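The values are calculated or read from the model by the stated rules, or taken from the named source; none is laboratory data. The shown structure was predicted, so the numbers you read here are calculated from the model rather than taken from an experiment. Every residue, glycine among them, receives a Cβ derived from its backbone with ideal geometry; neighbour counts consider all protein chains shown. Note: accessible area is taken over every heavy atom of the protein model, side chains too, but ligands, DNA and RNA are not part of it. Shrake-Rupley method; radii C 1.70, N 1.55, O 1.52, S 1.80 Å.
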Amino acid sequence: MTKNTEDSRQSVAARIEYLSEFMLPERAAVLRATLAERTRYMTVCMENTFHPQNASALVRTCEAFGVQDIYTVEELCRFSPNTNIVRGTDKWVDIRKYGSTPELIGALREKGYRIVATSPHSDDFTPETFDVTKGPFALFFGTEHAGISQDVVDSADEFVKIPMCGFVESLNVSASAAILLYGLSSRLRASAVDWRIPEPDRDEILLRWMRSTVRDSQRILRRGGF
């Protein structure tokens, strides 16, 4: 660890300790306990989400199942959750935006993610048979009308589908995400994989959460000499 990195970690820790004085201990404990269950081992990617309702439902679902990052492609339309639906859950997750699918896929590969396409037509893995232990994975969900793009199909390392036995061939994107995230996150947490966010990154997230929780946190930190 370099000196600059160590200094940065100490600075974050000092801010956390200082802001903790302006919170109820119970609230700080809830933030820490929630963050301890967060993961970046599994992440979610959306391409050109048209309906704000689906964007909102996805944010709430990721927050509920402890997925810290949502990656979005906004080549054709913006990822715009409805504030009345997300009800503040968007401040607990990190939404990372990209201009194109190839750009996003390249960034994910640099971070070591497997590209996993969700498709009802691919006879491949199910939530029960997908190997969560092989390495970090990014689940790609397509548009409401066209599904996943050809870029995702061509780049996918693996496919996962939700088996269905009715006449319906596909589910709403938010419903699909809820089913897959529940099944895969449950199996991931029961595995021996080190799925938790590393401590230095957890501290940075905790500081952001505290700053969004404590009223006038910026002024308070300035007053404390930060």
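The C-beta contact set for the stretch 187-201 (first residue in contact (Cβ under 8 Å) with a residue 24 or more places away in the chain, second residue open to solvent by 70 Å² or more (accessible area, probe 1.4 Å) and not polar (S, T, N, Q), distance under 6 angstrom, 6+ apart or interchain) comprises Pro200/Arg9. Residues in the stretch 58-106 that are of a type in the set (Gly, Ala, Ser), farther than 21 Å from Leu171 by Cβ and modelled with pLDDT of 85 or more: Gly66, Gly99, Ser100, Gly106. Could you say whether any residue in the stretch 182-193 is in contact with a strand residue (DSSP E or B) (Cβ under 7 Å, 6 or more places away or on another chain), surrounded by fewer than 17 Cβ atoms within 10 Å (Cβ to Cβ) and in a helix (DSSP H, G or I)? So far as the stretch 182-193 goes, no, none of its residues is in contact with a strand residue (DSSP E or B) (Cβ under 7 Å, 6 or more places away or on another chain), surrounded by fewer than 17 Cβ atoms within 10 Å (Cβ to Cβ) and in a helix (DSSP H, G or I). For the stretch 24-57, residues that are in contact with a Ser or Thr (Cβ under 7 Å, 6 or more places away or on another chain) and closer than 14 Å to Asp69 by Cα total 3. Scanning the stretch 4-18 for residues that are over 17 Å from Val214 (Cβ atoms) and open to solvent by 50 Å² or more (accessible area, probe 1.4 Å), we see that the one that is modelled with the lowest pLDDT is Asp7. Scanning the stretch 194-208 for residues being among the hydrophobic types (A, V, I, L, M, F, W, C), in a helix (DSSP H, G or I) and open to solvent by 10 Å² or more (accessible area, probe 1.4 Å) gives a total of 1. For Met1, are the conditions met, namely being modelled with pLDDT under 75, farther than 27 Å from Thr133 by Cβ and more than 20 Å from the chain's Cα centre (by Cα)? When the stated conditions are applied, Met1 passes them. Looking only at residues that are open to solvent by 10 Å² or more (accessible area, probe 1.4 Å) and hydrophobic (A, V, I, L, M, F, W, C) in the stretch 36-57, which one is modelled with the lowest pLDDT? In this case the residue turns out to be Phe50.
For the stretch 146-174, residues that are surrounded by 14 or more Cβ atoms within 10 Å (Cβ to Cβ), modelled with pLDDT of 85 or more and assigned to a helix (DSSP H, G or I) total 4.
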